[in-house]
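Below: one structure, written as structure tokens.
The values are calculated or read from the model by the stated rules, or taken from the named source; none is laboratory data. Only a predicted model underlies this, so the values are computations on that prediction, with no experimental measurement involved. Virtual Cβ from ideal backbone geometry, glycine too; neighbours counted across all protein chains shown. Areas reflect the complete protein model, heavy atoms only, side chains present, ligands, DNA and RNA absent. Shrake-Rupley method; radii C 1.70, N 1.55, O 1.52, S 1.80 Å.
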Amino acid sequence: MSSDETPNVPSPRNSREAVREKAQKVHAQQSRARVMRRIILGAFAVVAVGAIGTAITLAVSAQVSKPQLTPAGMDHDGILVSDISATTVAAEASTAPDPDDTGAGGETAPAPAPTTSSTVDIHIYVDYLSPDAGEFERANARQLVNWISEGAATVTYHPVALLTASSNGTKYSLRSAAAAACVATHSPAQFYAFNHDLLDDQPEVNTDGFSDAQLADIAGAVGSDNVKSVRSCIEDQDYVTWAKDATSRALEGPLVGSDDLVLTAAPMIVVNGEAYVGALDDPSEFSQFVLTVASDAYYATETPSPSTSPSATPTPTETTEPAPTETPAS
């Protein structure tokens with residue numbers, strides 16, 4: 001082999017340097033790749049955190065922009081029914097006698113009137129999905145209307161939601177209670193008619209119940225004064241949170257006018273602070289209960305008045321004794 005070919009053979013030292021340089025290049029490329037991956041992952045993380053932050057901000061801003069609303073005109077979570085002259089039920093009650101009152105003439109329905117100088121205070125807690133609530137309304141609507149019209153009783157309805165889980169996930173009890181609050185707020189004169197229609201023609205338990213649009217249609221059908229506001233309130237579910245809180249307050253008690261009563265079922269009827277536990281479909285029994293409670297209230301409030309009767313008692317005896325003696329003398 002000639003000496004000219006010797007330089008073409010790489011020395012061991014040059015070979016090691018070449019391998020080292022190549023390894024350094026590969027390492028540098030890998031390092032750059034790792035840095036790029038970190039940058040990309042970091043960018044994705046920033047975007048993800050930003051998206052989550054935006055979602056949270058939007059959720060919070062939505063809550064801030066739509067605060068929890070409280071219905072108007074509902075003292076102690078109930079609406080006092082005082083004017084029902086425009087409702088269909090009132091018209092029927094004024095023209096058609098209650099068939100259960102035939103044996104007692106017309107005096108059973110306005111039972112509180114003859115015994116008290118003040119009205120009887122009736123509070124009715126209703127779940128619009130409760131069959132018992134519907135049964136009580138259908139049986140007692142006419143005499144309740146009569147008592148209200150004659151000023152013999154004040155009747156306050158309290159919408160509650162005890163059967164929220166019994167409507168295939170649609171939360172009908174909650175939504176219908178909120179819808180009743182919408183009508184009470186924006187069209188109070190039509191509340192009783194709306195309330196009566198929901199109880200008179202109820203969906204069955206464990207069905208979807210009426211949709212919000214259907215509830216708004218029912219409110220419009222009873223002649224709502226403010227159709228657009230009522231519909232918007234119902235479909236936007238303005239008072240759903242209120243309905244939930246009102247139910248919780250009733251469950252915790254005490255109920256209005258009572259010392260220790262709490263909501264245990266729907267309907268729950270409280271008369272002058274006393275719970276009615278009789279038959280829900282017997283208006284005569286309910287009327288008798290109201291009469292008894294009214295009589296107790298009358299005698300409790302009239303206890304000071306007998307002080308005037310002793311002073312009046314001698315007067316008749318003095319006037320009745322001279323009268324016979326003077327008449328024969330003349």
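Per-structure values
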| item | result |
| --- | --- |
| Segment Asp217-Ser232, length gained on full extension (0.36 nm per residue, minus Cα span) | 4.3 nm |
| Theoretical gain in end-to-end length, Glu252 to Thr207 [0.36 nm per residue, Cα-Cα removed] | 13.4 nm |
| Inter-probe distance in nm under a simple model that places probes 7 Å from Cα toward Cβ, at Ala18 and Asp132 | 9.7 |
| Ordering of 237-247, 278-288, 254-264 by burial proxy (mean other Cβ atoms within 10 Å per residue, highest first) | 237-247, 278-288, 254-264 |
| Options Pro267, Ala250, Ser232, ranked by Cα towards positive dipole end of region 158-276, top entry (Cβ charges) | Ser232 |
| Test item: Cα-centred dipole of region 218-278, Lys/Arg +1 and Asp/Glu -1 on Cβ, debye | 220 |
| Apportionment of accessible area to carbon and sulfur, region 222-266, percent (1.4 Å) | 43 |
| Solvent exposure of region 103-253 as accessible area per residue, Å², 1.4 Å probe | 38 |
| Diffusion constant of region 174-303 at 10 °C, which comes from Stokes-Einstein with the Kirkwood Cα-pair radius and 1.306 mPa s, µm²/s | 95 |
| Added length on full extension, which subtracts the Cα-Cα distance from 0.36 nm per residue, Glu150 to Tyr299 | 51.5 nm |
| Protection-proxy order for peptides 149-157, 185-193, 219-227, each taking the mean of Cβ atoms within 10 Å per residue, highest first | 185-193, 149-157, 219-227 |
| In sequence order, calculated HN-Hα J values of region 118-130 (Karplus, 6.51, -1.76, 1.60; Hz; x Gly/Pro) | 10, 7, 8, 9, 10, 10, 10, 9, 10, 10, 6, 9, 6 |
